[in-house]
Amino acid sequence: MVENEKVNKILYGGDYNPEQWPEEIWEEDMRLFQLAHIDVVTLNVFSWASLQSDEDTYHFEKLDQIMDMARSHGLKVCLATSTAAHPAWMARKHPDILRTDFNGMKHKFGGRHNSCPNSPTYQKYARMLAEKLAVRYKDYDNIVAWHISNEFGGACYCENCERKFRQWLKERYGTIAEVNRVWDTAFWGHTFYDFDDIVTPNMLSEHFAANRTTFQGITLDYRRFNSESILNCYKLEYDAIHAVTPDIPITTNLMGPYQDLDYHMWADYMDFISWDNYPANDTPFEETAFKHDLMRGLKQGKPFALMEQTPSVTNWLPYNSLKRPGVMRLWSYQAIAHGSDTVMFFQMRRSIGACEKYHGAVIDHVGHEHTRVFREITALGSELDKIGSLTLGARTDAKAAIVFDWDNWWATDISAGPSVSLHYCDEILHYYKAFHSLNIPVDVIGVKDDLSRYSFVIAPLLYMVKSDYDEKIRTFVNNGGIFLTTFFSGYTDEHDLVTVGGYPGKLRDILGIWVEEEDALPEDGANSFTYKDTVYQAKLICDLLHTENAKALCHYEHDFYAGMPVLTRNAFGKGAAYYVATRSDAGFYQTLIGDICREAGIEPIIEKTGNVEVTMRRNANGTFLFFLNHDEDPHDICLHHAYRNILTDVSYKEGDMMPLAGRDVAILMEIPQ
């Protein structure tokens with residue numbers, strides 16, 4: 001879909017399930033789609049039950065009709081494989097397909113994603129269905145993408161998985177002696193004598209709570225194994241489809257910072273990233289921006305696809321408030337501003353039964369176009385037609401990056417200490433929001449990504465320093481880069497074994513410090529420190545550290561460790577490394593990040609104005625600035641270059657003030673001087 005020659009504009013549409021409706025409704029839907037400027041539909045997402053009635057019998061007649069209807073009405077298709085929910089007969093005749101949950105309970109038929117990823121039955125029939133779909137529809141020139149399954153997720157702890165886990169460990173570690181070493185099973189006399197001694201780590205074995213385990217190494221490896229197991233199911237379908245239609249890109253819809261699956265592992269096998277964005281009405285817009293940037297970063301900054309969002313309302317929150325007028329448009333453009341080349345919804349027509357019948361849709365239960373939501377959808381569709389191909393493929397040129405790593409998320413999540421209030425994503429967001437508040441573009445990258453394109457890299461809570469990642473950081477800083485990390489960093493290797501010799505382990509020479517102890521404060525506890533004549537709180541964790549080569553920039557002011565460093569800077573080679581020994585508040589992060597960005601020569605796109613979010617994308621057509629006013633009140637923006645608003649065709653000179661109404665959007669194309 002992204003970078004696809006069949007696509008010449010921002011695609012607009014979403015999940016369409018005509019099989020839930022009588023055929024006389026279909027033509028009316030086509031009329032309404034045309035009115036709303038809908039040009040793409042995702043089909044066949046949950047149709048396995050109707051497509052395959054037993055091991056050998058397939059029924060494609062209705063899908064043929066639907067595909068022909070879409071083609072005859074000029075609609076592009078994102079064709080799904082339907083494998084997210086297996087048919088009832090499959091569970092009845094082949095119970096090995098059913099998952100066992102974390103508590104050890106074997107499931108019965110029901111729900112979705114109830115298929116064991118290591119079930120031979122599931123793997124066989126999912127691959128076969130994907131292949132049959134590819135063969136049947138390979139000549140439809142309106143298929144712009146393949147959509148495998150739907151929102152992969154969850155975990156299984158059944159006998160299939162237990163056997164496969166043992167095999168995975170043999171391939172990874174070779175011998176049971178090495179397994180015992182990396183899991184430190186000498187502790188509590190937990191030694192394994194044979195691979196057959198190993199069981200899945202859940203509430204029947206190693207765990208005493210969801211995120212509390214007696215052996216973190218076992219659980220960490222099982223999370224890796226589970227992510228890889230589910231990925232292998234995706235790859236089975238990918239390979240079957242790609243062999244038949246090698247020129248049609250293939251994806252599956254991800255879910256932002258979703259803990260169960262390591263999306264950096266997955267990204268290598270996705271032709272483009274797509275994801276489903278469902279913030280609550282009170283979700284801070286900076287958090288949604290972070291999720292978009294995380295998804296963009298999975299493919300080194302390439303554009304992604306917004307595969308799903310709700311046109312109006314969700315139905316799974318405690319209080320399902322409506323999106324206020326203008327918010328659907330605003331949030332759609334936020335996705336585009338951060339790298340999306342599509343705007344797509346779930347769902348196109350509101351279903352009449354089951355758990356999402358009150359979830360929003362383009363076409364409501366009333367069945368006609370005379371609704372507020374449909375009018376807003378139509379207006380946005382008209383604007384996207386006007387934008388055309390101008391912004392397609394545009395990239396964000398960021399000189400700063402934040403490292404996000406699923407292994408570190410998993411490891412800190414199951415760590416036995418230091419605080420139950422310590423959450424990986426929270427620490428990432430503190431720093432991300434500082435960049436966002438300063439209108440400074442930032443990429444969200446993984447540990448495998450190249451650092452040389454950046455001037456400033458932050459890795460909050462880099463608890464686990466895997467393999468030779470310290471060498472990558474060391475080279476980056478030595479060559480002139482600026483690096484920052486935080487408390488609870490450099491403690492362990494990739495097996496969650498502590499690096500002895502003093503924290504922060506392999507990062508010690510780069511940071512020029514030695515951490516002796518850490519004080520975990522209760523939620524209502526705080527120390528303090530002064531930075532640039534302002535007093536800030538020190539919360540959650542307070543590292544007690546000693547400088548070696550680093551310079552202390554500020555110090556704790558209370559308790560027995562008053563006078564010990566809170567913030568340090570170490571000159572290293574041509575660059576510098578900062579260490580933040582505690583959690584503080586937004587004002588501190590904003591000030592610190594602003595100072596370091598100036599040191600690194602990184603400038604904001606434009607000065608901050610209220611809750612106006614500003615991003616920049618560039619392609620061969622030019623440079624585009626996106627202004628998104630998340631306030632209800634208007635703002636005036638002072639412009640520093642000449643621009644044309646591609647939504648309104650209004651032009652501005654350098655120094656002009658641009659009015660931006662509440663919840664309004666402006667996309668300015670820079671006019672060359």
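The values are calculated or read from the model by the stated rules, or taken from the named source; none is laboratory data. Everything quoted here is computed from the prediction, not taken from an experiment. Glycine gets a Cβ as well: all are built from the backbone with ideal geometry, and neighbour counts include every protein chain shown. Keep in mind that these areas ignore ligands, DNA and RNA; they rest on the heavy atoms of the full protein, side chains included. Shrake-Rupley method; radii C 1.70, N 1.55, O 1.52, S 1.80 Å.
Got a number for the accessible area of Asp54? Probe 1.4 Å, square angstrom, nearest 10. Estimated to the nearest 10 Å², Asp54 gives 50 Å².
Binning all Cα-Cα separations of the stretch 400-460 at 5 Å, short to long from zero, yields these whole-percent fractions: 4, 17, 27, 21, 16, 10, 5, 1. In whole angstrom, the stretch 445-519 maps to an equivalent ellipsoid with semi-axes of 20, 13, 11, each derived as √(5λ) from the alpha carbon gyration tensor and ordered largest first. Only one of [x] 40; [y] 20; [z] 17 was calculated from the structure for percent of Cα pairs over 49 Å apart, and its label is [z]. Sorted largest first, the principal axis extents computed over the alpha-carbon atoms of the stretch 459-589 equal 38, 32, 25 Å.
When the Kirkwood radius is taken over all Cα pairs of the stretch 100-229, what Stokes-Einstein diffusion coefficient follows at 25 °C and 0.890 mPa s, in µm²/s? For the chosen part, D equals 145 µm²/s. Binning all Cα-Cα separations of the stretch 145-289 at 10 Å, short to long from zero, yields these whole-percent fractions: 10, 33, 28, 20, 8, 0. Other residues within the sphere of radius under 15 Å centred on the Cβ of Lys108, judged by their own Cβ, net out at +3 (K and R +1, D and E -1). Relative to its Kirkwood radius, the Cα radius of gyration of the stretch 30-183 gives an Rg/Rh of 1.10.
Annotation for the stretch 116-141 versus the stretch 609-631: alpha-carbon center distance of 41 Å. Ligands, DNA and RNA left out, the 1.4 Å accessible surface of the chain is 50% carbon and sulfur atoms. Other residues whose C-beta falls under 10 angstrom from the C-beta of Gln537 contribute a net charge of +1, scoring Lys and Arg +1 and Asp and Glu -1. Using the 1.4 Å probe convention, the accessible area of the stretch 433-503 works out to 31 Å² per residue with neighbouring protein chains retained. Peptides 658-664, 236-242 ranked from most to least packed, by the mean per-residue count of other Cβ atoms within 10 Å: 236-242, 658-664. For the set Leu553, Leu261, solvent exposure ranked by accessible area (probe 1.4 Å, protein chains only) runs largest to smallest as Leu553, Leu261. Summarise the long-distance tail of P(r) for the stretch 330-438 by giving the % of C-alpha pairs beyond 26 Å. Of all Cα-Cα pairs in the stretch 330-438, 50 percent lie more than 26 Å apart. Of Cys425, Cys542, the residue with the largest accessible area leads and the full order is Cys425, Cys542 (1.4 Å probe). Charged neighbours of Thr213, selected by a Cβ distance under 12 Å, balance to -2 (K, R count +1; D, E count -1).
Go through Lys93/Lys132; Lys106/Lys164; Lys9/Lys653; Lys76/Lys235; Lys124/Lys235 and tell me which ones have a Cα-Cα distance over 20 Å in this structure. Over 20 Å Cα-Cα: Lys93/Lys132; Lys9/Lys653; Lys76/Lys235.
Here the stretch 147-213 has an Rg and Dmax of 14.1, 47 Å, counting Cα atoms alone. Please list log₁₀ I(q)/I(0) at q = 0.21, 0.22, 0.27 Å⁻¹ for the stretch 537-612, using the Debye equation with identical point scatterers on the alpha-carbon positions. Ignoring solvent entirely, the Cα scatterers give -1.01, -1.06, -1.33. Only bridges whose two residues both fall in the chain count here: according to DSSP, what percent of them are antiparallel, nearest 5? In the chain, DSSP labels about 55 percent of beta bridges as antiparallel.
The lysine pair count for the stretch 331-474, using Cα distances under 30 Å and pairs eight or more places apart or on different chains, is 9. Solvent-accessible area per residue in the stretch 121-209 equals 47 Å², computed with a 1.4 angstrom probe and all protein chains kept.
Figure note: Glu178, Glu151 ranked by solvent-accessible area, largest first, 1.4 Å probe, ligands and nucleic acids not counted: Glu178, Glu151. As an equivalent ellipsoid, the stretch 559-673 spans semi-axes of 38, 19, 10 angstrom, where each value is the square root of five times an eigenvalue of the C-alpha gyration tensor, largest first. Solvent-accessible surface (1.4 Å probe) assigned to Lys399 amounts to roughly 90 Å². Normalised per residue, the accessible area of the stretch 260-412 is 32 Å², obtained with a 1.4 Å probe and no contribution from ligands, DNA or RNA. Measuring only protein heavy atoms, the 1.4 Å probe finds Met69 accessible over about 20 Å².
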